[in-house]
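Okay, structure first, notes after.
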Amino acid sequence: MIRSSANSTARPIRIRFDAGALRRNHLIARRHAGAARLWCVVKADGYGHGLARVVDALAEVADGFGLIELENALALREAGVRQPLLMMEGFYDAGELPLFAEYRLTPVLHRLDQVEALRAAALPVRLPVYLKLNTGMNRLGLAADELERALTLLADRADITLMTHFADADGPHGIAAQMVHFHALRAGRNLPVCLANSAALLRYPEARGDWARPGIMLYGGSPFPEVTAESLGLEPVMTLASELIAVRDIAAGEHVGYGCTFTADRPMRIGIVACGYADGYPRHAPTGTPILVAGQRTRTLGRVSMDKLCVDLTDLPKVSLGDTAILWGAGLPADEVAAAAGTISYELFCAVAARVPWVEAE
Ligand SMILES: *Cc1c(COP(=O)(O)O)cnc(C)c1O
């Protein structure tokens with residue numbers, strides 16, 4: 001349906017997309033969701049995987065797609081996507097509302113003035129509406145009195161689902177306090193609910209609700225710092241790979257890279273990989289960040305440059321010029337690289353640069 005052309009470059013860096021892995025991850029989300037339906041979250045260009053690629057891979061199986069960007073939602077509709085589309089930040093300006101009606105987009109309303117604007121717009125169609133409630137995240141969402149007012153304003157005008165978002169479903173606070181708050185706000189009203197992100201879906205069956213909103217797990221990232229994606233049954237969807245474009249021996253006392261931050265304490269053999277921060281590899285990844293070279297695990301050395309990074313080949317004598325280096329993906333979870341670099345897989349995925357050509361996994 002939607003196809004993005006696999007471009008190519010002379011430089012050997014590639015990013016491989018595994019549609020089968022995405023679909024298998026989606027099945028795992030389904031298994032955890034029970035009877036709940038799933039908004040597959042595809043904001044931020046499908047977490048950096050390419051919106052068209054992701055939606056194409058899930059076209060036959062997704063109940064709906066959740067995103068942020070109006071232009072992307074319109075593009076999905078133009079490409080023939082028929083599933084419901086949840087606009088997770090709603091509209092930014094009331095002038096967008098006719099497009100919401102024309103393209104059948106489901107707005108998340110998180111401020112009372114959005115509810116008032118929707119009512120005032122008197123759209124020609126009855127749109128489903130999500131009301132987002134603030135239950136402790138303190139980012140977006142209505143308070144109790146605002147919810148009352150919103151329900152009054154929308155009475156008989158919209159099919160309403162109540163939504164909230166968890167601040168620490170992946171961490172020690174859990175969801176209990178927010179669930180109590182949510183149920184107090186819901187006050188026994190028999191409205192459908194949409195609560196869980198990936199972490200809550202995986203960890204808290206009581207948060208399944210009527211619809212869940214998994215994102216990172218679809219892409220094979222673990223939402224939990226202490227739980228591997230593999231142990232959750234999740235597979236990497238993107239694999240960032242390049243090649244060794246130089247190999248050299250250095251003597252004890254020699255440095256590697258900008259700033260001379262790494263000093264060899266013995267004779268070493270090092271490799272130079274054609275991947276740097278301008279490809280989306282995190283510049284703050286320190287010496288010791290894991291990397292796979294010719295299928296074997298080793299570590300980065302020194303600072304990441306714009307187009308290159310250095311790796312330790314001292315204990316990999318068979319490795320040679322032109323061998324493959326996997327930065328993350330198949331065989332090396334993005335979560336591990338992210339942890340070494342002090343970030344999360346979400347950020348690595350979203351940061352892959354436009355100059356890196358995509359190829360489809362066979
Ligand atoms: C991004 C997002 C999600 C998905 O979160 P994951 O941790 O990637 O599963 C769910 N809900 C909202 C409101 C979001 O913004």
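The values are calculated or read from the model by the stated rules, or taken from the named source; none is laboratory data. The structure displayed is predicted, hence computed values, not measured ones. Note: ideal-geometry Cβ built from the backbone for every residue, glycine included; neighbour counts use all protein chains shown. For accessibility, only protein heavy atoms count, side chains too; no ligands or nucleic acids. Shrake-Rupley method; radii C 1.70, N 1.55, O 1.52, S 1.80 Å.
When the residues D93, D170 are ordered by accessible surface, computed with a 1.4 Å probe over the protein chains alone, the sequence from largest down reads D93, D170. Straight-line reach from K43: which lysines have Cα under 25 Å away, leaving out those fewer than 8 places along the same chain? Of all the lysines, those that pass the test against K43 - Cα under 25 Å, at least 8 places apart if same chain - are K132. Of A59, A19, A294, the residue with the greatest mean-square motion in the GNM of the chain, using alpha carbon springs below 10 Å, is A294. In a reduced charge model with +1 at each Lys and Arg Cβ and -1 at each Asp and Glu Cβ, the chain shows a dipole moment near 340 debye about its Cα centre. For the stretch 238-360, the convex hull drawn through the C-alpha positions has a volume of 93 cubic angstrom per residue. Using a Gaussian network model of the chain in which every pair of alpha carbons under 10 angstrom is joined by a spring, one finds that among I13, I175, I245 the greatest mean-square fluctuation is at I245. Sorted largest first by accessible area at a 1.4 angstrom probe radius, with every protein chain in place, the residues K308, K318, K132 fall in the order K318, K308, K132. Of the DSSP H helices in the chain, not one has a Cα length along its own long axis of 24 Å or more together with a mean Kyte-Doolittle hydropathy reaching 1.0.
Apply 1/(1 + (r/R0)^6) to the Cβ-Cβ distance of R297 and A10, taking R0 = 25 Å, and write down the FRET efficiency to the nearest 0.05.
0.35
Ratio of Rg to Rh for the chain: 1.05 [Cα atoms; Kirkwood radius as inverse mean 1/r over pairs]. Annotation: H32 carries an accessible surface of approximately 60 Å², with a 1.4 Å probe and no ligand, DNA or RNA atoms counted. Between the stretch 294-339 and the stretch 195-221, the alpha-carbon centres lie 32 Å apart. For the chain, modelled as a GNM with alpha-carbon contacts under 10 angstrom, which of A122, A52, A330 fluctuates the most? It is A122. Rounded to the nearest 10 square angstrom, E78 shows an accessible area of 130 square angstrom against a 1.4 Å probe. Dipole check for the stretch 19-221: with +1 at the C-beta of Lys and Arg, -1 at the C-beta of Asp and Glu, and the Cα centre as origin, the magnitude is about 660 Debye.
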